[in-house]
């Protein structure tokens, strides 16, 4: 399934909003804003997988299994969204203002502010 122009416009709008509200850096130190900007570029420009591979993989990475490369994975996810493999909500990052109820994740844990 190829995405319609309206779906692409809406996805870019959602990602741009997500860019303003997401946590700036993940727990693993990944720049979420940069990841979202990569997705916006791939989706708005309809970049092919070959373009993504050439831009985000080094030559040795391109010749082997795709190594853990967050920029390549993000761009590939955006390409797969364009190809209809999943919904846009699967690409969005958590908002930075969301408060987690850690006690539901770790019973007995008490965090004081």
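The values are calculated or read from the model by the stated rules, or taken from the named source; none is laboratory data. Note that the coordinates shown come from a computational prediction; the quantities given were computed from them, not determined experimentally. No Cβ is skipped: glycine too gets one built from the backbone with ideal geometry, and neighbour counts run over all protein chains shown.
So how many residues does segment 37-55 have that are part of a helix (DSSP H, G or I) and more than 15 Å from residue 69 (Cα to Cα)? Step through it out loud before you land on a result.
Quick first cut of segment 37-55, residues part of a helix (DSSP H, G or I) only: 37-45, 49-55.
Applying the additional criterion that residues be more than 15 Å from residue 69 (Cα to Cα) yields 37, 40-45, 50-51.
Counting residues in segment 37-55 that are part of a helix (DSSP H, G or I) and more than 15 Å from residue 69 (Cα to Cα) gives 9.
Can you say whether residue 18 is exposed (fewer than 15 other Cβ atoms within 10 Å of the Cβ), modelled with pLDDT under 95 and assigned to a helix (DSSP H, G or I), as far as the supplied structure shows?
On the way: exposed (fewer than 15 other Cβ atoms within 10 Å of the Cβ): no; modelled with pLDDT under 95: yes; assigned to a helix (DSSP H, G or I): yes.
Criteria not met by residue 18.
Scan segment 66-87 and report the pairs whose first residue is within 8 Å of residue 56 (Cβ to Cβ) and whose second residue is in a loop (DSSP other than H, G, I, E, B), with Cβ atoms within less than 7 Å and a gap of 6+ or a chain change.
Pairs found: 69/57; 72/57; 72/66.
Need the failing condition index for residue 25 against (1) at pLDDT below 90; (2) surrounded by 14 or more Cβ atoms within 10 Å (Cβ to Cβ), just the number.
The single condition residue 25 does not satisfy is (2).
Would you be able to tell me the number of residues in segment 1-13 that are surrounded by fewer than 16 Cβ atoms within 10 Å (Cβ to Cβ) and assigned to a helix (DSSP H, G or I)? Lay out the reasoning, then the answer.
Step one: filter segment 1-13 for residues surrounded by fewer than 16 Cβ atoms within 10 Å (Cβ to Cβ), giving 1-2, 4-6, 9-10, 13.
With the extra rule that they be assigned to a helix (DSSP H, G or I), the set shrinks to 5-6, 9-10, 13.
The number of residues fulfilling the criteria is 5.
Going through segment 74-93 one residue at a time, which ones are surrounded by 11 or more Cβ atoms within 10 Å (Cβ to Cβ) and either at pLDDT below 90 or not in a helix (DSSP H, G or I) (or both)?
Within segment 74-93, 83, 84, 85, 86, 88, 91, 92, 93 meet the criteria.
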